[in-house]
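Derivation of every value follows stated rules applied to the coordinates shown; laboratory data play no part. Computed from a predicted structure; not experimentally measured. Neighbour counts are summed over all protein chains in view; Cβ atoms, including those assigned to glycine, are modelled from backbone coordinates with ideal geometry.
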Amino acid sequence: MNLNQVKLNMVIPNYRKLCELLDLKIHTGGSKQIQFREMEKYFKYHKEGNKFIIDEIYSELKNYTKRENRGGSHNRKEFPNFLISKEDENKIGIYKIVINNNIYIGSTIKSFRIRFLKHNNEKHNTIPFTSNMLKEGAIFDLLEICEDMTEPQIRELENKYIKEYKENNDWNLVNSRDTWSYIISKQKYKTIKIRVKEEDYQEALISMRENKLVEEII
């Protein structure tokens, strides 16, 4: 990255011109978002429409992978494709995983960061193709924060987003099916009890849903 032509308070008309000044390739989709995160290690900027305004140029490279003591954690790791701010990462709601025009819609009732770490962990992820998406450069970002909503309301909203992107020809929705319904079924089923760890509850439900072992949560 060449910073020689970038000056403090400089107004750059658009992304293409910014890449030209920095000697960078033009990117789209998730790769473009990762590129922005890389730029933020070298300078601070804000946007006005398509314009980029340079607010600060750092004298030392910002290290986003260093350990930091936050909330009692001494071993926090930063990920360039996790685009949710620290202010919002522990909130709940609807998120998306995007690479090119491929998109996966999901939701979490724990936190966006915890859900990202599950998707990013190839060994423990119950939806393996999302791990592959992230490995190939997909970005993880929020669609809507749902702090004051119940779990059924969050799932209902997730379904609305899934339907919206499924009907949009500009996107390839990679979800295998819609999220589960909370409508109580009148049909009688034989049932058995299973035990799972509390922290694995949601992942167990997702796994059963993806394998079509459950259709409804009662």
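I need Met10, Met39, Met133 ordered by Cβ neighbour count within 10 Å, fewest first.
Ordered by Cβ neighbours within 10 Å, fewest first: Met10, Met39, Met133.
So for the stretch 11-57, what percent of the C-alpha to C-alpha distances run longer than 15 Å?
Summing the P(r) of the stretch 11-57 above 15 Å gives 42 percent of all pairs.
In which sequence would Ile109, Ile12, Ile103, Ile194 go, from the one with the fewest C-beta neighbours within 10 Å to the one with the most?
Neighbour counts put them in this order, fewest first: Ile194, Ile109, Ile12, Ile103.
Go ahead and collect, in residue order, the members of the stretch 143-173 whose backbone nitrogen is under 17 Å from a label point 7 Å along the Cα-Cβ direction of Lys32.
Counting only backbone N, you get 170-172.
Once amide H atoms are placed 1.01 Å from N in the peptide plane, what residues at a sequence separation of 5 or more from Asn100, or on another chain, have their amide H within under 5 Å of its amide H?
Here Gly30, Ser31 satisfy the definition.
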